[in-house]
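Beneath this line is the structure, given in structure tokens, with notes to follow.
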Amino acid sequence: MPPPLANTTPDAPLLDPDDPWRGQSRLSAVAEFVAPILLALCGLVTVLTTLGILAVLVVQSVEFFAAAGIGVGDFLFGLELRPGARPPRFGVLPLVWGTFLIAFGASCVALPIGLLSAIYLSEYAPRGVRAVLKPTLELLAGVPSIVYGYLALLLVTPALKAALEPLGLRVDHFNAVSACLVVGMMIVPSVSSLSEDVLSAVPQGLREAAYGLGATKFEVSTRIVLPAGLSGVAAAFILAVGRAVGETMAVVLAAGTMARFTLNPLTSVETMTTYIIQVVGGEASYGSPKYLSLFAVGLTLFAITLALNVLSNLVLRRYREVYR
Amino acid sequence: MSATLAPPPAAASDASADEPALQTRALRVWYGASLALRDVDLDVPRHRITALIGPSGCGKSTLLRCFNRMNDLVPDARVEGDVRFDGVSIVGPKVDAVTLRRRVGMVFQKPNPFPKSIYNNIAWGARINGYRGDMDELVERSLRRAALWDEVREKLHRSGLDLSGGQQQRLCIARTLAVEPEVILMDEPCSALDPISTARVEDLMEDLKDDYTIVIVTHNMQQARRVSDVTACLMPDVEAGGGRRTGVLVEVSPTDVLFTNPVDPRTEAYITGRVG
């Protein structure tokens with residue numbers, strides 16, 4: 001058995017006044033104690049905000065269902081939204097349809113433009129061009145969404161009218177197509193910037209391997225780099241769709257506020273967000289079923305965007321596992 | 001810009017067995033303003049294994065990448081002088097680098113299989129090059145040639161990334177063989193592998209040299225001694241590059257001569273471990 005260790009309690013004070021090494025300052029000890037608490041509190045703010053929003057939405061939605069005297073099923077699967085009718089109808093599906101229409105249309109614009117520009121930036125653009133183009137593209141994301149709304153109202157819709165009305169197609173002043181176009185342009189930076197990050201992160205070794213086999217640049221880009229980064233691109237895309245779903249100002253200015261099922265995108269539609277704007281801005285009295293309905297719509301919207309974000313994260317995690 | 005080589009090639013396809021597979025004359029490679037490789041005159045014999053040795057930063061990989069125009073992928077790289085493959089110059093904008101790379105295959109330092117199935121790793125190169133034959137047969141033949149078939153025959157549709165490092169490197173060799181190149185360039189192919197996997201790759205190289213011209217860059221002088229027939233030693237020439245390291249070719253000899261009786265004192269210093 002080894003001998004017991006000697007008692008090492010120092011006789012002299014630890015700090016020798018002549019020692020040039022003074023050890024940690026007292027301030028740093030305080031910082032070491034305070035910093036994690038402060039940082040944790042800041043982190044908690046976002047979590048608490050989310051939980052708070054969720055709580056308000058849930059409580060008010062419950063109140064709405066009680067006040068309107070309808071069930072959750074009537075709300076989620078109701079085909080009519082007529083809060084002013086007698087009895088009022090609170091079916092959310094027309095809003096879901098409008099939201100879907102705008103998100104789908106915007107995707108049709110944003111996916112090809114965003115993806116192709118990402119491929120250009122990551123694979124083709126010379127360094128100088130890329131250094132200019134990428135920040136410019138990201139600047140597009142900084143334009144306030146109401147500006148896109150004006151763009152739709154003052155530029156896109158008149159252009160659509162000029163182009164389509166001679167063909168005998170009636171274009172409403174507020175219509176879904178111009179909303180799709182501007183919202184699509186608006187989310188292009190989200191798609192392209194994130195996709196470009198993902199494509200650039202594809203290991204250079206894969207590109208070299210493909211070139212070494214006699215591949216052309218186009219083959220390397222589309223058949224090696226893009227498939228390798230596909231789940232990342234998908235995640236970027238889902239995230240961008242989430243933005244389109246939640247977009248309000250551009251949509252309200254471009255597409256108006258007419259809740260209905262229509263396959264004709266040249267007429268006005270209403271999305272969940274624009275419904276909320278309309279109700280808040282309208283004369284619905286506080287506590288009335290119409291007023292409360294906006295919380296139920298908000299909760300539905302929250303669930304949809306949350307689902308899209310979770311989906312995007314799941315897809316992105318799978319992508320990261322490929323190159324662990 | 002091209003130095004003339006004597007005798008001029010009458011027809012590329014008639015390349016005789018004695019003619020070097022690859023030649024460089026007065027080869028210089030620049031990366032931006034820094035000279036990476038200076039005045040390299042090298043003949044790479046056909047159906048032999050040629051090793052490029054030398055300390056880090058001496059331009060071995062840069063030289064290797066001149067043989068399949070891989071330096072094209074580096075934005076500010078510039079190649080001067082002449083490089084010939086089967087007697088035909090492969091320097092300059094008129095050369096079809098894509099076609100060249102199919103005939104001069106490459107295996108890289110880090111095993112880099114595509115994130116695709118083992119089968120598709122092999123078939124990919126053949127597909128993009130318009131191979132119209134029996135793909136299953138080509139995949140099996142390539143994997144057998146790379147001594148990997150018995151280990152993967154049951155799992156051809158599993159991801160290539162599921163294999164061990166040594167298996168991945170042999171998969172990359174099989175992938176290169178599948179497009180039927182004449183030359184195989186290997187850039188430190190064993191530096192990421194354990195000794196057993198290294199031995200397997202070296203056995204494979206020995207086996208392949210009857211049909212292919214192989215050029216291997218290696219840091220491992222024992223490996224150069226074991227596998228190569230000819231060894232070229234490159235050294236960084238610090239003074240000439242204005243502080244930057246510029247690689248020069250100091251000696252090319254049959255491997256047994258170079259390692260036992262080197263002519264250049266710099267080679268001797270390097271192989272005895274006094275430099276690098």
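Looking at region B:202-232, which of the residues that are hydroxyl-bearing (Ser, Thr, Tyr) and assigned to a loop (DSSP other than H, G, I, E, B) is surrounded by the most Cβ atoms within 10 Å (Cβ to Cβ)? By that ranking, first place goes to B:SER228.
Considering region B:159-177, and only residues there that are part of a helix (DSSP H, G or I) and more than 13 Å from chain A (Cβ to nearest Cβ), the residue that is surrounded by the most Cβ atoms within 10 Å (Cβ to Cβ) turns out to be B:ARG170.
Taking the criterion of being within 26 Å of the chain's Cα centre (by Cα) and either surrounded by fewer than 19 Cβ atoms within 10 Å (Cβ to Cβ) or of a type outside the set (A, V, I, L, M, F, W, C) (or both), the residues of region A:280-293 that qualify are A:VAL280, A:GLY281, A:SER293. In a residue-by-residue description of region A:257-268, the property of being buried (at least 19 other Cβ atoms within 10 Å of the Cβ), within 15 Å of the chain's Cα centre (by Cα) and either within 30 Å of A:LEU169 (Cα to Cα) or of a type in the set (Phe, Trp, Tyr) (or both) applies to no position.
For (1) farther than 24 Å from A:THR271 by Cβ; (2) among the hydrophobic types (A, V, I, L, M, F, W, C); (3) out of contact with any helix residue (DSSP H, G or I) (no Cβ under 9 Å at 6 or more places or on another chain), each residue gets a yes or a no:
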{"residue": "A:PRO17", "(1), (2), (3)": "yes, no, yes"}
{"residue": "A:TRP21", "(1), (2), (3)": "yes, yes, yes"}
{"residue": "A:LEU57", "(1), (2), (3)": "no, yes, no"}
{"residue": "A:ALA68", "(1), (2), (3)": "no, yes, no"}
{"residue": "A:PHE75", "(1), (2), (3)": "no, yes, no"}
{"residue": "A:GLY84", "(1), (2), (3)": "no, no, no"}
{"residue": "A:THR99", "(1), (2), (3)": "no, no, no"}
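Residues of region A:191-217 that are more than 19 Å from B:ARG103 (Cβ to Cβ) and facing chain B (nearest Cβ under 10 Å): A:VAL202, A:PRO203, A:GLN204, A:GLY205, A:LEU206, A:ARG207. Based on what the data block shows, is B:MET235 closer than 23 Å to B:PHE85 by Cβ and either in contact with a His (Cβ under 8 Å, 6 or more places away or on another chain) or part of a strand (DSSP E or B) (or both)? The answer is no for B:MET235.
A search for C-beta distances below 7 Å between a residue of region A:253-272 that is under 17 Å from A:GLY78 (Cα atoms) and any residue that is of a type in the set (D, E, K, R) and surrounded by 23 or more Cβ atoms within 10 Å (Cβ to Cβ), counting only pairs 6+ apart in sequence or on different chains, returns A:MET258/A:GLU270; A:ALA259/A:GLU270. Mind listing whichever residues of region A:105-136 are surrounded by 14 or more Cβ atoms within 10 Å (Cβ to Cβ) and either out of contact with any helix residue (DSSP H, G or I) (no Cβ under 7 Å at 6 or more places or on another chain) or among the aromatic types (Phe, Trp, Tyr) (or both)? Scanning region A:105-136 gives a single hit, A:TYR120.
In this entry, B:LYS155 is excluded by the filter for residues that are over 28 Å from B:ASP86 (Cβ atoms) and within 14 Å of chain A (Cβ to nearest Cβ). In the set (1) touching a Gly at 6+ places or on another chain (Cβ under 7 Å); (2) more than 9 Å from chain A (Cβ to nearest Cβ), B:GLY105 fails one condition alone, (2).
Here's the yes/no breakdown for (1) touching a residue at least 12 places away in the same chain (Cβ under 8 Å); (2) farther than 22 Å from B:PHE67 by Cβ; (3) in contact with a Gly (Cβ under 8 Å, 6 or more places away or on another chain):
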| residue | (1), (2), (3) |
| --- | --- |
| B:ARG158 | yes, yes, no |
| B:ALA199 | no, yes, no |
| B:THR213 | yes, no, no |
| B:GLN223 | yes, no, no |
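From the list B:ALA77, B:ALA97, the one residue that fits, being more than 8 Å from chain A (Cβ to nearest Cβ), out of contact with any strand residue (DSSP E or B) (no Cβ under 8 Å at 6 or more places or on another chain) and of a type outside the set (S, T, N, Q), is B:ALA97. Among the candidates B:GLU188, B:GLU206, B:GLU202, the residue that is within 14 Å of another protein chain (Cβ to nearest Cβ) and of a type in the set (D, E, K, R) is uniquely B:GLU188. Each residue in region A:194-223 was checked for being under 15 Å from B:LEU73 (Cα atoms) and not in a helix (DSSP H, G or I), and 5 pass.
Is region B:145-158 home to any residue that is surrounded by fewer than 18 Cβ atoms within 10 Å (Cβ to Cβ) and aromatic (Phe, Trp, Tyr)? So far as region B:145-158 goes, yes, one or more of its residues are surrounded by fewer than 18 Cβ atoms within 10 Å (Cβ to Cβ) and aromatic (Phe, Trp, Tyr). The one condition from (1) among the charged types (D, E, K, R); (2) free of Cβ contacts under 8 Å to residues at least 60 places away in the same chain; (3) touching a Lys or Arg at 6+ places or on another chain (Cβ under 9 Å) that A:ARG86 does not meet is (3).
Restricting B:LEU37, B:LEU52, B:LEU63 to those that are away from chain A (no Cβ under 14 Å), modelled with pLDDT of 95 or more and touching a helix residue (DSSP H, G or I) at 6+ places or on another chain (Cβ under 7 Å) reduces the list to B:LEU52. Taking region A:190-229 as the range and being of a type in the set (A, V, I, L, M, F, W, C), free of Cβ contacts under 8 Å to residues at least 24 places away in the same chain and over 24 Å from B:ALA192 (Cβ atoms) as the test, only A:PHE218 passes. Has region A:179-186 got at least one residue that is assigned to a helix (DSSP H, G or I), within 14 Å of chain B (Cβ to nearest Cβ) and either modelled with pLDDT of 85 or more or buried (at least 23 other Cβ atoms within 10 Å of the Cβ) (or both)? No, region A:179-186 contains no residue that is assigned to a helix (DSSP H, G or I), within 14 Å of chain B (Cβ to nearest Cβ) and either modelled with pLDDT of 85 or more or buried (at least 23 other Cβ atoms within 10 Å of the Cβ) (or both).
The values are calculated or read from the model by the stated rules, or taken from the named source; none is laboratory data. This is a predicted model, so every value here is computed, not measured. Every residue, glycine among them, receives a Cβ derived from its backbone with ideal geometry; neighbour counts consider all protein chains shown.
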